[in-house]
Amino acid sequence: MKNIDKLLELTTSRIRQAEQKYGREPGSVKLLAVSKTRSVDEIYAASECEQIDFGENYVQEAVEKIHQINDPRLIWHFIGPVQSNKTHQIATYFQWVHSVDRAKIARRLNDARPGHLSPLNICIQINISNEYSKSGVSPDDLPQLVADCRNLPHLRLRGLMALPAPSADIELQRIPFRQIKTLLDAVNSPLLPMDTLSMGTTQDMDAAIAAGATIVRIGTALFGTRT
């Protein structure tokens with residue numbers, strides 16, 4: 001087992017340092033541990049260090065982990081592409097979905113959300129770098145999708161998510177993150193405010209925090225390189 005406690009401490013410290021460097025409120029950026037393909041033991045180890053938010057990409061794998069761990073403290077985030085035939089399981093087992101990219105998926109999640117659960121927190125995924133290989137709505141189509149999601153009573157639209165094209169240059173990394181922040185400001189409403197920007201990974205979390213990220217999705221820095 002890797003020293004997840006030490007890696008978690010280092011990752012949290014990096015986030016707090018970036019908050020301070022870029023004038024963010026202390027504690028305003030949440031760490032989402034990307035636990036896809038990671039073992040139950042690794043998730044246990046992180047949760048014992050008070051990490052409670054975990055992100056999964058694969059529905060069946062995630063549901064098995066959720067059943068096996070059975071810890072009501074943990075908050076499960078679905079961060080992968082949403083397939084229509086998986087919406088029932090996602091709406092049942094997760095508290096967050098970061099990857100809503102079309103109205104059909106939003107409606108299916110809304111209809112499948114069990115009535116005894118609170119509204120499902122969702123983020124709309126933006127294909128900010130216009131990459132053919134990635135999911136996400138185009139910036140031009142964002143306002144209509146926001147309007148569609150706000151009309152669904154079992155969903156709570158929290159904000160936007162994006163995974164920009166990778167770059168090793170922090171100044172280049174900051175460009176798409178600033179564009180995402182601008183998009184959020186443009187579609188936000190004081191009556192139904194959105195408070196979430198889910199953006200930034202191990203490679204570019206500093207640039208994302210500088211631009212306004214409120215959730216950074218971290219896998220490698222927390223769990224180490226996959227073997």
Legend entry - Pair list, Cβ < 9 Å and 6+ apart or interchain, from segment 27-53 residues that are without any contact (Cβ under 8 Å) to a residue 24 or more places away in the chain to residues that are open to solvent by less than 10 Å² (accessible area, probe 1.4 Å) and of a type in the set (D, E, K, R): Gly27/Glu19
Inset, instruction - Answer with yes or no whether Arg226 is modelled with pLDDT under 95 and surrounded by fewer than 16 Cβ atoms within 10 Å (Cβ to Cβ). - result: yes
Legend entry - Lone qualifier among Ala210, Ala221 - being open to solvent by 10 Å² or more (accessible area, probe 1.4 Å) and closer than 20 Å to Ser35 by Cα: Ala221
Legend entry - Among the residues listed as Leu152, Leu142, Leu183, Leu157, the single one being open to solvent by 30 Å² or more (accessible area, probe 1.4 Å) and hydrophobic (A, V, I, L, M, F, W, C): Leu183
Inset, instruction - Take Asp111 and decide whether it is open to solvent by 70 Å² or more (accessible area, probe 1.4 Å), in contact (Cβ under 8 Å) with a residue 12 or more places away in the chain and of a type in the set (Asp, Glu). - result: yes
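How many residues does segment 160-169 hold that are open to solvent by less than 60 Å² (accessible area, probe 1.4 Å) and either modelled with pLDDT under 95 or not small (Gly, Ala, Ser) (or both)?
Step one: of segment 160-169, the residues open to solvent by less than 60 Å² (accessible area, probe 1.4 Å) are 160-162, 164-165, 167.
The next check asks that each one be either modelled with pLDDT under 95 or not small (Gly, Ala, Ser) (or both); those that pass are 160-161, 164-165, 167.
So the count comes out to 5.
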Legend entry - Selection within segment 203-223 - at pLDDT 95 or above and of a type in the set (Val, Ile, Thr): Ile209, Thr214, Ile215, Val216, Ile218
Legend entry - Positions within segment 74-106 being open to solvent by less than 10 Å² (accessible area, probe 1.4 Å), in a helix (DSSP H, G or I) and either touching a Leu at 6+ places or on another chain (Cβ under 8 Å) or among the hydroxyl-bearing types (Ser, Thr, Tyr) (or both), in sequence order: Thr87, Ile90, Ala91, Ala106
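Yes or no, residue by residue, for (1) of a type outside the set (Val, Ile, Thr); (2) over 23 Å from Thr201 (Cβ atoms); (3) in contact with a His (Cβ under 8 Å, 6 or more places away or on another chain):
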| position | (1), (2), (3) |
| --- | --- |
| Leu7 | yes, no, no |
| Thr37 | no, no, no |
| Ile43 | no, no, no |
| Glu64 | yes, yes, no |
| Asn70 | yes, yes, no |
| His77 | yes, no, yes |
| Ser84 | yes, yes, no |
Inset, instruction - Give me the pairs, please: first residue somewhere in segment 127-138 and among the basic types (Lys, Arg), second residue anywhere and open to solvent by 40 Å² or more (accessible area, probe 1.4 Å), beta-carbon distance under 9 Å, and either six or more positions apart or on two chains. - result: Lys134/Pro81; Lys134/Leu163; Lys134/Ala165
Legend entry - Selection from segment 186-199 of residues that are more than 18 Å from the chain's Cα centre (by Cα) and open to solvent by 70 Å² or more (accessible area, probe 1.4 Å): Ala186, Pro190, Leu191, Leu192
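The values are calculated or read from the model by the stated rules, or taken from the named source; none is laboratory data. Just so it is clear, the model here is predicted, and its values are computed rather than measured. Here Cβ is always computed from backbone atoms with ideal geometry, including for glycine, and neighbour counts include all displayed protein chains. Protein only, heavy atoms only, side chains kept; ligands, DNA and RNA dropped before computing areas. Shrake-Rupley method; radii C 1.70, N 1.55, O 1.52, S 1.80 Å.
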